[in-house]
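Chemist: Structure incoming, see below.
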Amino acid sequence: EDLRVDGRGCEDYRCAEVETDVVSNTSGSARVKLGETDILVGIKAEMGTPKLEKPDEGYLEFFVDWLV
């Protein structure tokens, strides 16, 4: 029927808005609004020292918070 659940046609696009640097205590952040969907992403990055047992290797830690 060429219709999506929200009433748009299969070829119709939603309006998109992108903002950057929206969270002050992060290394970088962005907010993306796509129709009724609103996404906020913040990244914090810092240099650290390698673990004692692997002095020649770095490592990456990350955490994800998901709010619905």
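Derivation of every value follows stated rules applied to the coordinates shown; laboratory data play no part. Model, not experiment: these values are computed from the prediction. Here Cβ is always computed from backbone atoms with ideal geometry, including for glycine, and neighbour counts include all displayed protein chains.
Chemist: How much length is gained if the chain between Val18 and Lys51 is pulled fully straight, taking 0.36 nm per residue apart and subtracting their Cα-Cα distance, in nm to one decimal? Numbers along the way, then the final one.
Modeler: Numbers: separation 33, 0.36 × 33 = 11.88 nm, distance 3.78 nm.
Full-extension gain reported as 8.1 nm.
Chemist: Still on this structure, please answer the following. Do any GluC sites (Glu not before Pro) in the stretch 1-56 lie in a DSSP loop with no more than 12 other beta carbon atoms within 10 Å, and if so, which?
Modeler: Working: sites: Glu1, Glu11, Glu17, Glu19, Glu36, Glu46, Glu53; in loops: Glu1, Glu11, Glu36, Glu46, Glu53.
Hits after loop and neighbour filter: Glu1, Glu11, Glu36, Glu46, Glu53.
Chemist: Once you keep just the Cα pairs under 8 angstrom separated by 6 or more residues, what percentage relative contact order results for the chain?
Modeler: Numbers: 68 pairs, mean separation 11.7, N = 68.
Relative contact order of the chain: 17 percent.
Chemist: So who's got an amide H within less than 5 Å of the one on Gly28, skipping anything under 5 residues away but keeping other chains? H placed 1.01 Å off N, in plane.
Modeler: Ile43
Chemist: Just need the Rg to Rh number for the chain, please, alpha carbons only, Kirkwood Rh.
Modeler: Numbers: Rg = 19.4 Å, Rh = 15.8 Å.
With Rh from the inverse mean 1/r over Cα pairs, Rg/Rh is 1.23.
Chemist: Next question. Reachable aspartates and glutamates from Lys51, Cα under 17 Å, same-chain residues fewer than 8 places away excluded?
Modeler: Glu61
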